[in-house]
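Since the structure comes first, as structure tokens, the remarks are kept for the end.
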Amino acid sequence: MKPSTVKINKMPSRFKHQVPKYKVTRSDACINCGTCAKTCPYGVHERSEGHNKVKPPIDYKCIGFECQSKDFCCITKCPRKALSLSLNPMYNTLGDPRWTADMITGTWIMAETGYPPERTDLDYNVGNSGGGFDKLRFKFPAKPAKVDKAEISTAIPLNRRKDGRADVVISTPVYGGGMSFGSVSLSTMVSKAHNATIWNTFTCTGEGGFPDILKPYCDHVITQVATGLFGVREETIQRVKIVELKYAQGAKPGLGGHLLGEKNTEAVAKMREAVKGTSLFSPFPFHSVYSIEDHKKHIDWIKAVNPTALLSVKVSTPNDVDMVAVGSYYAGAHIIHIDGGYGGTGAAPDIAKKNIAMPIEYAITKVHNFLKAEGVRDAITLIASGGIRTAHDLAKAICLGANGAVIGTAELVALECVRCGNCESGRGCSRGIATTDSVLADLFDEKWATQRLTNMYNAWNVQLVDILQKFGMHDVSELVGRTDLLEHIDYSH
Amino acid sequence: MPKKYHITPKPAPLDMDYVFKFTIVRGENCINCGKCIKVCIYEAHKRRTDDPRKMADPNTVVCRNCFRCIQECPRGALEKSINKDYSNIGGAFWKPDILMSLWKQAEDGNVPVSGAGYRGPFTGIGFDSMWTDMSEIVRPTRDGIHGREYINTGVDLGSKLNHLTFDSNGQLISVVPETIDLPFPILFDITAYKLSLHVKEAILKAASVIQTCLIIPVTEITPELEKHSDNIIPSLASTDIDKHEAILKKARLVAIDYSDAMLKDFQALKEKIKKHNHALTIVRVPAVKNVEEIVAKLTQNGAEIIQIVADYRGQEINESSGKDGRLLKDIIRAIHSRLVEDKIRDSVTLVASGGIGMAEHVPKAMLCGSDLTAIDIPLLVALGVRVFEEPQKLLVFPEGLDKIPSRKLTQRIVNLMGAWHSQILEMMGAMGIREARRLRGESGRAIFFEEIDRESFGKLFKKEKR
């Protein structure tokens, strides 16, 4: 059930055009009669008052071949058969096998409307990577038990240790990943936190400190203690409900971080308690942690500083991730957050993103089963990230054994990221999302961004509830570890 | 601690026709308003210099696919598509993106870095079907690449003893075989390509700068090249040994093409070479179907270094089977396991070659069981060569390559190797391995797709056979 603070409002794209999937071509046979402009309900064709000529078709508004079965289709209505429809070659330049153009377009529609797309021509739930989530499908029962959608709960508790620390419950089993101060624009950062508050879930500061501008949302912000210990202060640890110890990041496991000197502006340096303009390295690993025992010492330290906060341990996905997870449980963590090898980043070596550490799909089952065998699965929350792109990925991750997921890229796509991958080059993101450039960072405001995120979270929640209903479930916790509800298109047939 | 091995990059752009990924076409309905100039931060859009009232054709070399111009053009007059040159170059193995990345690395020597997560397929074939492990809480290295600690990429070539033997007085009885150290696990190999002297010289100088060696047919070693004889590995047929006495005298390593006759009397061949000097012998064995058999026999007969030569896409050399041939990853794994089973793995050094096209292939080949690698095509790509796989293998050299100063060509290869060195350090640092020698056959630090997929998804989803 969604919190009462969630209000869905339409929030259109900032840009005049979307990226079109189709191309509507008008041939010379056109006599400018204007029939197309009258018949098309989507506004592909426009003929302004007083103009003789119909304007060139606005491709992105076209719903494609499925329109040909409708009685208002311009192609069949045109008296001169002057219109034709084809796939737009431009669409091939958007997206990639992991985030297909359909998936990006689908996410944009969700962020705009708050609901899954009504169009049926977008394959937005699965990517084209040829493995992992993209090979898994749900086995929905033919006759589901009748469940009232209003009775379905998507809330999950984050403290399952019952150790007297805060009982934190989030309303939807997903929260925002860490993006540090300086790596994304202020509007991006604040909107993520604002949306987390609206959805009663969380977002994370990333490494580099807890800027004051996020203070109004501090009940929904996770502060990160990463290997550089930048911006870590007692007061920021004390102001939050969850503290995340970041050991590694899925996109660059085992490599640490590197903030370039030019990105280390006065404000960033102040927050990080460093000298402006110097390159800042976050080493790998924590230089005070070389064993699970050292790790416990770390957790005890945070626990002593903040007696009620929950502890989340973010690790990447090596072969021994299951051992790390169990070790973290015994060290006192509440949340084990595993970040898969194909996770997002502002900048990472291509060689690391492609090759180091395993995809999240394998790690989830590995960790879930190991924790179960150890008899501690019910006392720890397992959160997956690094490749959770859609509501279906989220539900599949839960079926594989996670309690919930953390997302990063999907949030940025909601803010109209096209995944061009130039976050760190030159002035940063040309679309104003991952940049601190004074001009580019002003491309959108926090209000627009917050609503887009709230809308996308809603669309995901709608889809998740729909999946639970089809399985006849009342609570998302019933879905955890239900691999029997999935099938693999290579193995199962 | 030895002096840190470091490759110094220096920008070395070529004045060549760049392949670019996108084409943007300005439609006739452009009203020359200049909105695209304002929104493009990469300066792809400019006005015409001869007539500033009009827009020039978009400069797509700089386009980074941000879609701002496409989405903000008031008339929707811009159309973008994938460039034909881009889709035509390379092929299934030498993907266009690999070639573009190699060109870039040769130009600036930097590690390719980008934002957003990995965008390729979940898994692939050959080396693309394995991931490397990393360590965090349980067994981390210190510092990874930014380290105060030294990650050593050095390897030795030659035979090694399993153990040492001493007499009752504690005197060493074992004769410790000679080995040759290389600071970087990559040899250069241009035996398969006809190159101009200018290009050969540039490649050889690069080998000398990064302190590795170049395998080159003995007949191509001219007096100009002989200046760098320390870095030359002459390659020849076993029957030609006596013909090239002068060159062999200077060589530290000699590469001999494999022939079945060697299986009978390899020792005699070695003696023949040793007659000329103390050089170690590399036997170049084509990666045919029973290559592990050949390698095992050669090793038993005293071969000290064996180079496995797969085809240019890392496939088994097998005229009959075509598609079913194994890939370098599996060939190396099979050879390594065979030698381990026969308890002779340490007596031979394995060089993996053919289809080593990216930095990641080097540590991956080593995890699969080779001691080092040899590369060919990447050296040429660094010089601006375009590779085509279809309809058949074709290398297109840039025009005027021989007029480009040799120093610049050398620097481009040095840059590429510098970028590879840094990337190999990244992977080793993440794995927690500080010695390249320890990568060999360390399959526990690799994650193989077939194994992990069978272990997890196979177990979960495979239907029981009834």
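The values are calculated or read from the model by the stated rules, or taken from the named source; none is laboratory data. This one's a predicted model, so the numbers in the text were calculated from it and none came from an experiment. Here the Cβ positions follow ideal geometry from the backbone for every residue, glycine too, while neighbour counts run over all protein chains shown. When the accessible area is computed, the model is the full protein with side chains, heavy atoms only, and any ligands, DNA or RNA have been set aside. Shrake-Rupley method; radii C 1.70, N 1.55, O 1.52, S 1.80 Å.
So here's what we get for this one:
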quantity	calculated
Proximal charge balance of residue B:422 [Cβ under 13 Å; K/R count +1, D/E count -1]	-3
In sequence order, calculated HN-Hα J values of the stretch A:441-447 (Karplus, 6.51, -1.76, 1.60; Hz; x Gly/Pro)	5, 9, 5, 8, 9, 5, 5
GluC sites (Glu not before Pro) within the stretch B:278-367, DSSP loop, no more than 12 other Cβ atoms inside 10 Å	B:319
Shielding of B:61-67 by partner chains, average beta-carbon count, 10 Å	5
Vicinal HN-Hα couplings computed from phi for the stretch A:161-173 (Karplus, 6.51 cos²θ - 1.76 cosθ + 1.60; Hz; Gly/Pro x)	7, 6, 10, x, 7, 3, 8, 9, 10, 9, 7, 9, x
Sorted peptide list for A:29-35, A:231-237, criterion being average Cβ within 10 angstrom, highest first	A:231-237, A:29-35
In Å², nearest 10: area of residue A:374 left accessible to a 1.4 Å probe	80 Å²
Fraction of the pair-distance distribution of the protein assembly as shown above 41 Å, Cα-Cα pairs, percent	44 percent
In the stretch A:117-214, trypsin sites (Lys or Arg not before Pro) in a DSSP loop with at most 16 other beta-carbon atoms within 10 Å	A:119, A:139, A:146, A:162
Residue A:404 long-range amide H proximity, modeled H, under 5 Å	A:382, A:384
Residues whose placed amide H lies under 5 Å from that of residue B:284, excluding near-sequence neighbours	B:256, B:257, B:258, B:307
Carbon/sulfur fraction of accessible area - the stretch A:22-92, other protein chains in place, 1.4 Å, %	51 percent
Rounded tilt (10° steps) of A:101-113 against the dominant C-alpha axis of chain A	90 degrees
Relative packing of A:206-212, A:312-318, which averages over residues the other C-beta atoms within 10 Å, highest first	A:312-318, A:206-212
Local electrostatic count, residue A:397, Cβ distance below 11 Å [Lys/Arg +1, Asp/Glu -1]	0
Peptide A:340-349 - average C-beta neighbours from other chains (10 Å radius)	5
Karplus 3J(HN,Hα) series, Hz, for the stretch B:17-33 with 6.51 cos²θ - 1.76 cosθ + 1.60 (x for Gly, Pro)	6, 7, 8, 10, 8, 10, 10, 10, 10, 8, x, 5, 7, 4, 9, 6, 7
Mean separation of Cα contacts under 8 Å, 6 or more apart, over the residue count of the stretch A:192-343: relative contact order %	22 percent
Computed P(r) (all Cα pairs; chain A; 20 Å bins; percent)	23, 54, 20, 3
In nm, spacing of pseudo-spin labels at residue A:66 and residue B:43 (7 Å Cα→C-beta vector)	4.5 nm
Nonlocal amide H pairs with residue B:233, under 5 Å, H built at 1.01 Å	B:214, B:215, B:216
Listing of the stretch B:21-50 residues, each with accessible area lower by at least 50 Å² in the full protein assembly than in the chain alone (probe 1.4 Å)	B:41
Loop-resident sites, the stretch A:79-172, for GluC sites (Glu not before Pro), counting at most 13 other Cβ within 10 Å (DSSP)	A:118
Burial ranking of peptide ranges A:449-460, B:111-122 (average Cβ count within 10 Å, highest at the top)	A:449-460, B:111-122
Rounded to whole Å, sorted largest first: equivalent-ellipsoid semi-axes of the stretch B:22-82, Cα gyration tensor	16, 13, 11
Spacing of the two label points (7 Å from each Cα toward its C-beta) at residue A:28 and residue B:324, in nm	5.7 nm
Cβ neighbours within 10 Å from other chains - mean over A:12-21	4
